[in-house]
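Visitor: After the C-alpha cells below, expect a handful of questions from me.
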Amino acid sequence: MIEVRWHARGGQGGFTAAKLLGLAASVFEDNYAQAFPSFGPERRGAPVLGFTRIDDKPIDDHSQVYERDHVVVLDETLMEVVNVTNGLKNGGILLINTEAAPESFKLEGNFKVVTLNATDIALKVLKAPITNTTMMGALAAVSGIVGIESVLNAIDAGMPENLREKNKKAVMIAYDAVRGVK
C-alpha cells in the first residue's frame, strides 16, 4: 500500500489534491484508493491535512495514515509549525513547494527531499497561488505512483470544466520541471 499525506492551509486545495490522486489511481489505473481530510480549526489559512491511500487490493484500513511513503507540503510556512516528516518512511519522498533548494532543508531522516516553486507556476498559469494540482503533477513525476495521463484524466473527471485546461497545463509544467525536461 502507498500512503501520502498532504500538508496545506485551508483554502489551498490539499484535500482536493488527495481526492484527485485517489481518482487517478482508482478509476484510471485500476487500483483501490481512499482519500480523506483531517481538519483542525475550520477556517481559511489554518493547517489542514489530506490523506491518500493506494493499493492494488481492497483497502480495509480506515484509520488515519500514521506511516506514509510520501509527504507533500503545499505551503512552506507549515514547516515552521508542523513536523511534516513525522511518520515518513525510510526511502520516502518529501515534496515541498518552495523557492529553496532541497539541500537547504536540514531535516533528520532517510528520505529524499524534492523542491519545486509551485507557487510561481500556479501564479503564471492559474493566476492564483493555488498549488494543489501543480504539486500533484510533481508528485507523479518524482514518485511514479500514478502516470501523468491518469492525473490529467482525473482533472478532467474531477474538476469543473472552466478549471481543467489551466490546471492540466500547470500539472504538465511541474511534471516536466521535476523530471528535468525543458
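The values are calculated or read from the model by the stated rules, or taken from the named source; none is laboratory data. Keep in mind the model is a prediction, meaning the values are calculated, not measured. For neighbour counting, all protein chains shown are included, and Cβ atoms are generated from backbone atoms with ideal geometry for every residue, glycine included. With ligands, DNA and RNA removed, areas are computed over all heavy atoms of the protein, side chains included. Shrake-Rupley method; radii C 1.70, N 1.55, O 1.52, S 1.80 Å.
Visitor: Of everything in the range 119-145, what is farther than 22 Å from A25 by Cα, touching a residue at least 40 places away in the same chain (Cβ under 8 Å) and among the small types (G, A, S)? Give them in sequence order.
Guide: Hit for the range 119-145 is A122, nothing else.
Visitor: Restricting to the range 66-86, give me the number of residues that are assigned to a loop (DSSP other than H, G, I, E, B) and basic (K, R).
Guide: Residues that pass the stated criteria total 0.
Visitor: If you don't mind, there's one more thing I want to ask. Sort through K112, K89 and tell me the only one that's free of Cβ contacts under 8 Å to residues at least 60 places away in the same chain, within 17 Å of the chain's Cα centre (by Cα), over 26 Å from A170 (Cβ atoms) and part of a strand (DSSP E or B).
Guide: Going through K112, K89 in turn, just one is free of Cβ contacts under 8 Å to residues at least 60 places away in the same chain, within 17 Å of the chain's Cα centre (by Cα), over 26 Å from A170 (Cβ atoms) and part of a strand (DSSP E or B): K89.
Visitor: Also: Could you give me the residue pairs with C-beta distances under 7 Å whose first residue belongs to the range 58-77 and is in contact (Cβ under 8 Å) with a residue 40 or more places away in the chain and within 18 Å of V146 (Cα to Cα), whose second residue is in a strand (DSSP E or B) and of a type in the set (F, W, Y) wherever it lies, and which are 6+ apart or on separate chains?
Guide: Once the first residue is in contact (Cβ under 8 Å) with a residue 40 or more places away in the chain and within 18 Å of V146 (Cα to Cα) and sits in the range 58-77, its partners that are in a strand (DSSP E or B) and of a type in the set (F, W, Y) give I59/Y32; V72/W6.
Visitor: Scan the range 66-83 residue by residue and report those that are of a type in the set (D, E) and either under 16 Å from the mean Cα position of the chain (by Cα) or within 17 Å of V4 (Cα to Cα) (or both).
Guide: Result: E67, D69, D75, E76.
Visitor: Restrict the check to the range 56-65 and report whether at least one residue is open to solvent by 30 Å² or more (accessible area, probe 1.4 Å) and part of a strand (DSSP E or B).
Guide: So in the range 56-65, the residues open to solvent by 30 Å² or more (accessible area, probe 1.4 Å) come out as 56-58, 60-64.
From what's left, part of a strand (DSSP E or B): none.
Scanning the range 56-65 turns up no residue that is open to solvent by 30 Å² or more (accessible area, probe 1.4 Å) and part of a strand (DSSP E or B).
Visitor: Which one is most open to solvent (accessible area, probe 1.4 Å) among residues in the range 19-34 that are closer than 19 Å to S63 by Cβ and in contact with a Gly (Cβ under 7 Å, 6 or more places away or on another chain)?
Guide: So the residue we want is K19.
Visitor: Given the range 116-180, what helices (runs of 4 or more DSSP H) lie entirely inside it while holding 1 or more residues that are at pLDDT below 95 and more than 20 Å from T77 (Cβ to Cβ)?
Guide: 161-179
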